[in-house]
1. What ranking of Phe87, Phe96, Phe121 emerges when the number of other C-beta atoms within 10 Å of each C-beta is taken as an exposure proxy, fewest first?
2. Starting from the Cα of Glu127, step 7 Å toward the Cβ, then list every residue of the range 49-69 with an amide N under 16 Å from that point.
3. Sort His101, His111 so the one with the fewest other Cβ atoms within 10 Å of its own Cβ comes first.
4. Label points 7 Å out from Cα along the Cβ direction at Ile10 and Arg136: separation in nm?
5. Pairs of alpha-carbon atoms within less than 8 angstrom and 6+ residues apart define the contacts here; what relative contact order does the range 87-144 have, in percent?
6. If you take the beta carbon distance between Gln58 and Asp90 as r and set R0 to 22 Å, what does 1/(1 + (r/R0)^6) give as a FRET efficiency, to the nearest 0.05?
7. What aspartates and glutamates could a cross-link reach from Lys140, if we take a straight Cα to Cα line under 14 Å and drop same-chain neighbours fewer than 8 places away?
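What follows is calculated from the coordinates using simple rules that are stated; it is not laboratory data. Owing to the predicted nature of the structure, the values given are computational and were not obtained by experimental measurement. Note that we place each Cβ from the backbone using ideal geometry, even for glycine, and neighbour counts take in every protein chain shown.
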Amino acid sequence: MISIQRRFQILRCVRRALIFVLGLGAIGCAGTVVERTGTHSDRLMPTRTASCQPETDQPVEFLSGRSPIYPVKRLLAGETGYAQISFELDERGIPFNIDNHESSHPSFYAHTKEAMTGWKFTPPQIEGSYAKVTCRLRQKFGFR
């Protein structure tokens, strides 16, 4: 059985480690700042608009969702990178068929794909009616 004093020591160590990792993430992660309704830092959010085919009446803009988590191994190694993501948007602006078009490291793609499952964009319109479109978006991971 672990004593109460030992438990507090362990909790303090875990707390320090979390503060260190989260502190690095909060200070060092940079991306494009966007207006949104999500709950996490704006520093890793995608560019304001996604390029889509066929062309939509108005640009498809990011509305809400949580930011991608910076891959811890890449962060601790001081690596920057990006993920160029191809995806389809349904008539409601929900992404699906998320695919890696190009990325500097597989973990940047994996973390972006995971975050995108909860993203919402403005519903795409073509000639006044809502339609499915294929889009591309570049997600940057870097330091300020």
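1. Ordered from fewest to most neighbouring Cβ atoms within 10 Å, Phe87, Phe96, Phe121 come out as Phe96, Phe87, Phe121.
2. Label zone hits: 54-58.
3. Values: His101 13, His111 22.
Neighbour counts put them in this order, fewest first: His101, His111.
4. For the pair Ile10/Arg136, the computed spacing is 5.0 nm.
5. Relative contact order, the range 87-144: 45 percent.
6. 0.85
7. Within the straight-line limit of under 14 Å, Lys140 reaches these aspartates and glutamates: Asp42, Glu79, Glu102.
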